[in-house]
1. Across segment 3-42, what is the number of residues that are part of a loop (DSSP other than H, G, I, E, B) and of a type outside the set (Val, Ile, Thr)?
2. In segment 1-38, which residues are touching a residue at least 24 places away in the same chain (Cβ under 8 Å) and among the hydroxyl-bearing types (Ser, Thr, Tyr)?
3. Within segment 201-215, how many residues are at pLDDT 95 or above and of a type outside the set (A, V, I, L, M)?
4. Is there any pair with a first residue in segment 64-80 that is farther than 8 Å from ARG122 by Cβ and a second that is of a type in the set (Lys, Arg) whose Cβ atoms are under 7 Å apart and which are 6 or more apart or on different chains, and what are they?
5. Of all residues in segment 46-76, which are part of a helix (DSSP H, G or I) and out of contact with any Gly (no Cβ under 7 Å at 6 or more places or on another chain)?
6. Please tell me if GLN165 is surrounded by fewer than 18 Cβ atoms within 10 Å (Cβ to Cβ) and out of contact with any Leu (no Cβ under 7 Å at 6 or more places or on another chain).
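The values are calculated or read from the model by the stated rules, or taken from the named source; none is laboratory data. All values reported here derive from a predicted model rather than from experimental measurement. Glycine also receives a Cβ, built like all others from the backbone with ideal geometry; neighbour counts cover every protein chain displayed.
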Amino acid sequence: MYETFYGLREKPFSILPDPDVIYWGRAHRMAFAMLEFGVMNNAGFTVITGEIGSGKTTLVRHLLRRIDPRTINVGLVTNTPQTRDELLQWVLHSLDQPFEGSFATLPRSFHNFVYSEHQHGRRIILIVDEAQNLRDDALESLRMLSNINVDKTQFLQLILVGQPQLKHILSKPDLLQFAQRVSSDFHLRPLSQPEVVQYIQFRLAAAGAQHSLFTSEAAGLIAKASGGVPRVINILCDTALVYGFSLALPQVTPEIVAEVIQDKRNYGIFPVNHMASANPVS
């Protein structure tokens, strides 16, 4: 819509996870380092948490691109099941394994597959996204599956990715045995205000912008309203460019951003003050 007017190859602020366009702020660098550390060092359990829209899924997809499928077989569970039996079905499905027999045979089927992969020189990494939705019995089932690891041999690694409440869930006394197996964890914090400004410039440049399309004041307003959450930044910036295009403005001004913020608060499905993180940027 506005791409041609602003000289862009594509929309710069898509809300879909895109591992080709990652702004490596400090928190994102550290979170990815913990993910990679977990994979490279055969860590048993890795936990990454962050607010909705903070970039967790994008980091996971970037990780998947760097994993050698000849040595590591990755199962990604994105539709978080509610029950233990559903979880085991999705685990097998994520690894392209058939579900055969009764629910009672699922753990045995999984263990047989993991042993077979190990004999062929491959280990298994199971990634569960939106893990905060798992019930306690499902988390306990994941721990039980990891009992396949014996002595120094790591047949199975587990990566849990979820919203901040996942940390509170794993701190329950009933899940102490699970928590004690977490060897690598990190909370993905929002971008700082200077990082938000750099993020906006980075996304615009990646889409082909030849000059800044947001004034510094406009970018500052977006930083404050977004709480430093990348998805919220994308929503505000994309809408601001639509408003600017409709008025044939060569650059997005603070007045345009203020209007977008006000409209989102008054009429949007997800008002800005609800989308934004409770933690102020600094």
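1. Of the residues in that region, 21 qualify.
2. Scanning segment 1-38 gives TYR2, TYR6, SER14, TYR23.
3. Within segment 201-215, the subset at pLDDT 95 or above is 201-209, 213-215.
So of that shortlist, the ones also of a type outside the set (A, V, I, L, M) come out as 201-203, 208, 214-215.
So the answer is 6.
4. none
5. Restricting attention to segment 46-76, the residues satisfying the condition of being part of a helix (DSSP H, G or I) are 56-66.
If the condition is that a residue be part of a helix (DSSP H, G or I) and out of contact with any Gly (no Cβ under 7 Å at 6 or more places or on another chain), then THR57, THR58, LEU59, VAL60, ARG61, HIS62, LEU63, LEU64, ARG65, ARG66 are the ones that fit.
6. Details: surrounded by fewer than 18 Cβ atoms within 10 Å (Cβ to Cβ): yes; out of contact with any Leu (no Cβ under 7 Å at 6 or more places or on another chain): yes.
Spelling it out, GLN165 is indeed surrounded by fewer than 18 Cβ atoms within 10 Å (Cβ to Cβ) and out of contact with any Leu (no Cβ under 7 Å at 6 or more places or on another chain).
For every residue, the table says whether it meets (1) closer than 23 Å to GLU51 by Cβ; (2) assigned by TED's automatic domain parsing to the domain that holds THR58; (3) over 27 Å from the mean Cα position of the chain (by Cα); (4) modelled with pLDDT under 95.
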{"position": "ASN234", "(1), (2), (3), (4)": "yes, no, no, no"}
{"position": "ASP238", "(1), (2), (3), (4)": "yes, no, no, no"}
{"position": "VAL242", "(1), (2), (3), (4)": "no, no, no, no"}
{"position": "GLN251", "(1), (2), (3), (4)": "no, no, yes, no"}
{"position": "PRO254", "(1), (2), (3), (4)": "no, no, yes, no"}
{"position": "TYR267", "(1), (2), (3), (4)": "no, no, yes, yes"}
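Results for (1) over 19 Å from ILE72 (Cβ atoms); (2) of a type in the set (Phe, Trp, Tyr), shown as yes or no for each residue.
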site	(1), (2)
GLN97	no, no
PRO107	yes, no
LEU126	no, no
LEU139	yes, no
ILE159	no, no
ASP174	yes, no
PHE186	yes, yes
PRO190	yes, no
